[in-house]
1. Just for segment 116-142: of the residues that are touching a residue at least 24 places away in the same chain (Cβ under 8 Å) and of a type in the set (Phe, Trp, Tyr), which one is surrounded by the fewest Cβ atoms within 10 Å (Cβ to Cβ)?
2. Of everything in segment 29-41 that's closer than 24 Å to Met140 by Cβ and surrounded by fewer than 14 Cβ atoms within 10 Å (Cβ to Cβ), which residue is modelled with the lowest pLDDT?
3. Hey, can you tell me all the residues within segment 86-127 that are closer than 26 Å to Met140 by Cβ and of a type in the set (Val, Ile, Thr)?
4. Which one is farthest from Tyr149 (Cα to Cα), of the residues in segment 56-76 that are without any contact (Cβ under 8 Å) to a residue 60 or more places away in the chain and under 18 Å from the mean Cα position of the chain (by Cα)?
5. Against the definition (closer than 30 Å to Ala14 by Cα and basic (Lys, Arg)), how does Arg153 come out, yes or no?
6. Can you pull out every residue in segment 1-27 that is of a type in the set (Gly, Ala, Ser), surrounded by 13 or more Cβ atoms within 10 Å (Cβ to Cβ) and in a helix (DSSP H, G or I)?
7. Name the pairs: first residue in segment 87-115 and open to solvent by 70 Å² or more (accessible area, probe 1.4 Å), second residue not hydrophobic (A, V, I, L, M, F, W, C), Cβ to Cβ under 6 Å, at least 6 apart or on different chains?
8. Go through (1) open to solvent by 70 Å² or more (accessible area, probe 1.4 Å); (2) in a helix (DSSP H, G or I) for Gly148 and report which single condition fails.
Amino acid sequence: MRSSRLSSPWVYFALVYGFSWVFTIPVAISGVSLTDSTALMGIYALGGLGPAAAAILLTVLTQNQEGRREYWRRIVDFRRIPLRWYGVILLTVPAITRLAALVDRLLGGEGLRLEAAARFVEQPLAILPFALFILLFGPMPEEIGWRGYALDRLQ
């Protein structure tokens, strides 16, 4: 580790929120719907890269070569997660979604609506860019940053 001041979780938090808000606040105050502007959607999506960008930057600035190698090993080595946890990982969101739909239905709502999924049934290859976009600007940068970098500093 090279610099203890930069290793503080507070530095990470400031970088994440600063980076993310630089992109998301202007889009939010523009008043334009993301569905109406592909350019604004792209700018907004860049804000989602804040956790990963801050983690990678601080890892490069504060870790020696072995520390950087260990960071990336933790991110990409799937063997570090015991096999039994993959069931939990893959089934939690669908189970919670079904439970929420059931509760909504019991309370008089419509339950689960699948119009978007129906479009993917009609054009199955359209799910690939959608899934890639969601992965790259959603959970992946979050995991790289919050779990891969910040969690160690908070512990």
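1. Phe133
2. Among those residues, the one meeting the criterion is Thr35.
3. Scanning segment 86-127 gives Val88, Ile89, Thr92, Val93, Ile96, Thr97, Val121, Ile127.
4. Val76
5. Taking the combined requirement at face value, the residue satisfies it.
6. Ser20
7. Arg105/Gly111
8. Here Gly148 clears every test but (1).
The values are calculated or read from the model by the stated rules, or taken from the named source; none is laboratory data. Everything quoted here is computed from the prediction, not taken from an experiment. Positions of Cβ are generated from backbone atoms using ideal geometry, with glycine treated the same way; all protein chains shown enter the neighbour counts. Calculation scope for accessible area: heavy atoms of the full protein, side chains included, ligands and nucleic acids excluded. Shrake-Rupley method; radii C 1.70, N 1.55, O 1.52, S 1.80 Å.
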